[in-house]
Amino acid sequence: MDTIFAQATAPGKAGVAIVRLSGPKAWVAIETMCSGLPEPRVVGLRELHGRDGLLDTALVVVFEDGASFTGENVAELHLHGSSAVVSAVLSEISSLEGLRHAEPGEFTRRALENGCLDLAQVEGLADLIDAETEAQRRQAIRVLSGELGEKAEGWRQGLIRAAALIEASIDFADEDVPIDVTPEVDDILRRVLNELESEIDGVGFAERVRTGFEVAIVGAPNVGKSTLLNALAGREAAITSEIAGTTRDVIEVRMDLGGLPVTILDTAGLRDTDDPVESIGVEKAQARAKSADLRIFLVDVGGSPAFEPIARDIVVASKADLIGESSEGVSGRTGQGLPKLIEMIQSRISELAGQSGIATRERHRFAMSSASGSLRDALVNLKSGEVYELVAEDIRSAIRSLDSLIGRVDVEMLLDDIFSSFCIGK
């Protein structure tokens, strides 16, 4: 396998820049540039020399194969973070025989191929790099730590036990077997199926933690939706006007509320209109609002929501500054009632986030749904008591689905897409 190298930190001026190498010639390459390597996993200060003299004084650390991120010999150079220093060091490394620049995500791909990470952990690492909020960080850490892989392995081992019992019954079908394995197999299949379905139910909420929850502000024209959006965003994100129907499209503002990623949607005012452009905006507003995770219905005093709210939606009177200080409503203009509204939004979104599981992607949902479908078929065939061969095949099918969840089988076509989202040097 080639030895690869890349800058592992963001390009540009910085206090420190890290250059990473991985592969059979990683240590040899660094040794040609400095006087002796430090002991593995011990940081050493070394002068780096190239063809034209001193390149930099850097911290050098090496990791042996089996004890590195990629599972190969790895070396890291912690350089002074100027573009000139990094460029000179990369140029010197590229002149060495048998070394080449890494492709995006290639270090992580080698970690997968060498068994240091499973596919779910790779996705967790990608999510950790992209995390913008505390909830996203915590969720990514859970996946990166291997929690989903451990669960999948537990399910897999249970199914292997069930398959072995069924296979034994098939092998000794013509003999008197003293033990009926059906109760134990049934118990294993039901336990795994229940856990799978519980995890499947949480995928949608976990995916929202990863990509962001949507909160739609809904109401009649000129009820104060855009003013409220601007107040929540702390800036002029939407045009406000006394003229009804100013907002024609859905305006989005990304926010961090209580550590959760939230996109606030300012939708067009809902009313009957002969204006074809405004009519399109109203239709889009209704569709987008109904698909949002939470809706804030702004209503005039004594008014009612434009359509039926669900239990977790928030209905609040608008323009509270015109009603009086004792009002329970909200005013985007003065901020009256705004802290309470934000607290309510955070509470409702936190309840949704609390229903999330470890699995975070549609790919995870598909693999687990496929496994659960096979287990339901297995239970039906097991209950019939006629064709144990079908039960065995159903269990094997479920195991294959779980293997694809963590990257053991049938994922080659996914890898290029997954790793293309990584930066070079990771």
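What follows is calculated from the coordinates using simple rules that are stated; it is not laboratory data. Model, not experiment: these values are computed from the prediction. Counting neighbours? That spans all protein chains shown, and the Cβs are built from the backbone with ideal geometry, glycine included.
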- In the set [x] 105, 46, 39; [y] 83, 74, 37; [z] 82, 77, 40, which value of Cα extents along the principal axes in Å was calculated from the structure you see? [z]
- For the chain, calculated [θ]222 nm from helices alone, where every DSSP H run of n ≥ 4 adds -39500 (n - 2.57): -15000 deg cm²/dmol
- Set the Förster radius R0 to 45 Å, insert the Cβ-Cβ distance between residue 51 and residue 256 as r into 1/(1 + (r/R0)^6), and round the FRET efficiency to 0.05. 0.40
- Exceeding the 31 Å Cα-Cα cut-off - candidates 151/284; 151/383; 13/225: 151/284; 13/225
- Task: Amide H neighbours of residue 117 under 5 Å, at least 5 residues apart or on other chains, H built in the peptide plane: list them.
- Result: 112
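What ranking, highest mean first, results for peptides 115-121, 352-358, 390-396 when packing means the other Cβ atoms within 10 Å averaged over each residue?
Packing proxy ranking, top to bottom: 390-396, 115-121, 352-358.
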- Item | Estimated vicinal HN-Hα couplings, Hz - the range 309-318 in sequence order (Karplus 6.51, -1.76, 1.60; Gly, Pro = x) | x, 9, 4, 8, 5, 10, 10, 9, 6, 9
- Note on the structure: Ranked output for segments 202-208, 94-100 by mean other Cβ atoms within 10 Å, highest leading, reads 202-208, 94-100
- Mind putting a number on the dipole of the range 352-409 about its Cα centre? Charges go on the C-beta only, +1 for Lys and Arg and -1 for Asp and Glu, and I need it in Debye to the nearest 20. 320 debye
- Over the range 3-117, what lengths in whole Å, largest first, do the semi-axes of the equivalent ellipsoid take, defined as the square roots of 5 times the eigenvalues of the alpha-carbon gyration tensor? 21, 15, 13
- Expressed in nanometres to one decimal, the distance between label points 7 Å along Cα→Cβ at residue 380 and residue 130 is 3.7 nm
- Message: Just to verify a number: FRET efficiency for residue 67 and residue 43, C-beta to C-beta distance, R0 = 22 Å, to 0.05?
- Response: 0.90
- Message: Name the residue from 73, 347, 115 whose Cα lies farthest towards the positive end of the charge dipole of the chain, charges +1 on Cβ of Lys and Arg and -1 on Cβ of Asp and Glu.
- Response: 347
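Sum up the charges of everything whose Cβ sits under 9 Å from the Cβ of residue 259, counting Lys and Arg as +1 and Asp and Glu as -1, but leave residue 259 out.
Residues near residue 259 contribute 0 overall.
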